[in-house]
Amino acid sequence: MAQIQPPQPVRGTQSLLGEEADRFQAVTAAFDRVRRLFGFKRVEVPVIEQTAVFARSLGETTDVVSKEMYSFPDRGGDSITLRPEFTAGIARAYLSEGWQQYAPLKVATHGPTFRYERPQKGRFRQFHQLDAEILGAAEPQADVEVLLFADQLLKELGIGDNAVLKLNTLGDPPTRQAWRDALYEHFRSRSSDLSGESRDRLERNPLRILDSKAHADWPIVDAAPTIDEFLTAEAAEFFAAVTEGLNAAGVRWERAPRLVRGLDYYRHTAFEFMTDTLGAQGTVLAGGRYDGLMEALGGPHTPAIGWAAGIERLSMMIDAPEPERPDAVLVPLGDRAEREAVRLISDLRRAGIGADMAFKGNMKKRMARAAATGARFAIIVGDTELDTQAAQLKDLSSGEQRAVSFDLLGAAIRA
C-alpha cells in the first residue's frame, strides 16, 4: 500500500509558531492599545462579501479586481469574494447595518485578507491587515486624527524613527478634474515615449501613470504638471489645516507631490509611511480620504478617511518580543501526585498565575522541561509532599528550594 504523503500548505500561506507568532501578536496588541487610546471602536466585518462590493469600490479595471481577487460562485449562484482589503466591507456595513446613526464613527479592526499574487518577502496570498477608519467626518481634523494614530502605532512598535510620512493632497473634485485633464494632455503629447502599460492607462486613468515603475516613464512623469497648479482655495485651505495639525503634534512629514490614488472617489489627503528597514524603501502603512466611496456603493455622500498596514511586514521590522513564560511548572512524581496535580494547577490558574505541567518522563527529564519553559519556579509534588500537604518550591534561577504549603503556593510565587 502506497504511503500517504502529508498535505502541504497552500502556496502563499504560512503557519506561525514561537517567535514568529509572538511578533505577530505584538503588532496586534500594540494596535489595540493605541486604538483604545484614540477612542476607535473595535469592529468585525465578514471575510466574504458580494463581489460587487469590491468591484465597485476598487474599480472593475484595477489589477486587484481583474487579476488578484479570490472570487467564486456560491451554491446559490451569487458571486462571492474573499476580502482583498477592509475599507469596502466597512463601508458596506456602514450603509447596510445602520451605522450612520453613530457618525462620525471611528472604527478599527484587523484580520486576514486575500490576494492572488506572487508570494515574496513579507507578502502572502493570505495576509493580515490592520485597518483604521473615520466615517462621516468631513473636517481636516479627522485626517489629522488617523495620521496621529498611525504615527503613534509605529512609534510604539519601535519603528517610528525609521518611518517617514509622505503626504500629498488630491484636492477637491474641481481640483482633481482640472489636474487630470492637464495630465492627460501632458502624457498624450508624449505618448509615443511612454511604456506600453502607461499608454494603456492614459485613456482609463492618467493619474496612475504617476505611479509608473518603468524607467522610461520617469522623465515624462517628472515634467508633468503638479496638483498645486490647480488647487482651489478651499482645497488648499483643507491641506493647510492638515499639515498645521501634524506640525502641532510634532509629527515629521514630507511632501510627496507625485503620491496619488487612482480611483475617483479619493479626495484631499493621501499618505504613506515609508521605511528602508527591510532593505529597499517600501510602504508599511498607507491611506487617504475617500469621500466618494459611499456613493460608488449606492449610498449617500459620506466623507471618510482611513488607512491600512500589513501585519506581516510590521512584524518583520520590530524587535523580537520576550517569549511568553509560565510563572511556574508543576512537576508531579508518581500516580497520586499526577492526580493531585490537576487540582493544584487549576487553583493556581484560577488565581491568575500562569502554570504549566511537566507530566512526561523521569524526574530529571521533567525538571529539564520545567527549566526549558523559562519559568521562574518548579513546584515538585511527590508522595511525601502529598502526605505533608506542602510542595517543594524551587527557584529555577538560583536553585533555592523550600517547602510551601499547598494553600500558600500562589502567594509564594507572587512574592
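The values are calculated or read from the model by the stated rules, or taken from the named source; none is laboratory data. Keep in mind that what you see is a predicted model, and the values were worked out from it rather than measured. Here Cβ is always computed from backbone atoms with ideal geometry, including for glycine, and neighbour counts include all displayed protein chains.
Here are the numbers:
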read-out: Selection status of Gly136, at positive phi and at pLDDT 95 or above; value: yes
read-out: Residue in the stretch 302-358 that is surrounded by the fewest Cβ atoms within 10 Å (Cβ to Cβ), counting only those that are within 30 Å of Lys106 (Cβ to Cβ) and among the charged types (D, E, K, R); value: Asp319
read-out: Test for Lys121: is it surrounded by fewer than 21 Cβ atoms within 10 Å (Cβ to Cβ), modelled with pLDDT under 95, in contact with a helix residue (DSSP H, G or I) (Cβ under 9 Å, 6 or more places away or on another chain) and assigned by TED's automatic domain parsing to the domain that holds Ala108; value: yes
read-out: Index of the failed condition, Ala2 passing every other in (1) within 21 Å of Ala296 (Cα to Cα); (2) small (Gly, Ala, Ser); (3) more than 23 Å from the chain's Cα centre (by Cα); value: (1)
read-out: Single condition Arg36 does not satisfy, out of (1) of a type outside the set (Asp, Glu); (2) assigned by TED's automatic domain parsing to the domain that holds Gly310; (3) over 19 Å from Arg125 (Cβ atoms); (4) not in a helix (DSSP H, G or I); value: (4)
read-out: The stretch 309-355: number of residues that are part of a loop (DSSP other than H, G, I, E, B) and touching a strand residue (DSSP E or B) at 6+ places or on another chain (Cβ under 8 Å); value: 5
read-out: Filter result for Gln152 (on the phi < 0 side of the Ramachandran plot, surrounded by fewer than 17 Cβ atoms within 10 Å (Cβ to Cβ), in contact (Cβ under 8 Å) with a residue 12 or more places away in the chain and part of a helix (DSSP H, G or I)); value: no
read-out: Residue within the stretch 166-182 that is of a type in the set (Phe, Trp, Tyr) and at pLDDT 95 or above present; value: no
read-out: Subset tally (residues that are within 24 Å of Phe114 (Cα to Cα) and either of a type outside the set (A, V, I, L, M) or not assigned by TED's automatic domain parsing to the domain that holds Glu145 (or both)) for the stretch 282-313; value: 11
read-out: Count of the stretch 356-370 residues which are over 18 Å from Ile413 (Cβ atoms) and in a loop (DSSP other than H, G, I, E, B); value: 4
read-out: Unique residue being closer than 30 Å to Lys155 by Cβ, of a type in the set (Ser, Thr, Tyr) and over 23 Å from the mean Cα position of the chain (by Cα) when the list is Thr243, Thr232; value: Thr243
read-out: Residue that is farthest from Thr283 (Cα to Cα), among those in the stretch 316-362 that are of a type in the set (Lys, Arg) and under 39 Å from the mean Cα position of the chain (by Cα); value: Arg350
read-out: Considering residues of the stretch 108-128 that are part of a loop (DSSP other than H, G, I, E, B) and aromatic (Phe, Trp, Tyr) only, the residue farthest from Phe72 (Cα to Cα); value: Phe124
read-out: Residue in the stretch 46-64 that is within 19 Å of Trp307 (Cβ to Cβ), in the same structural domain as Pro104 (by TED's automatic domain parsing) and at pLDDT 95 or above present; value: no
read-out: Residue identified as charged (D, E, K, R) and outside any strand (DSSP E or B) among Asp131, Asp181; value: Asp181
read-out: Verdict on Thr277 being under 30 Å from Gln141 (Cβ atoms) and of a type in the set (Ser, Thr, Tyr); value: no
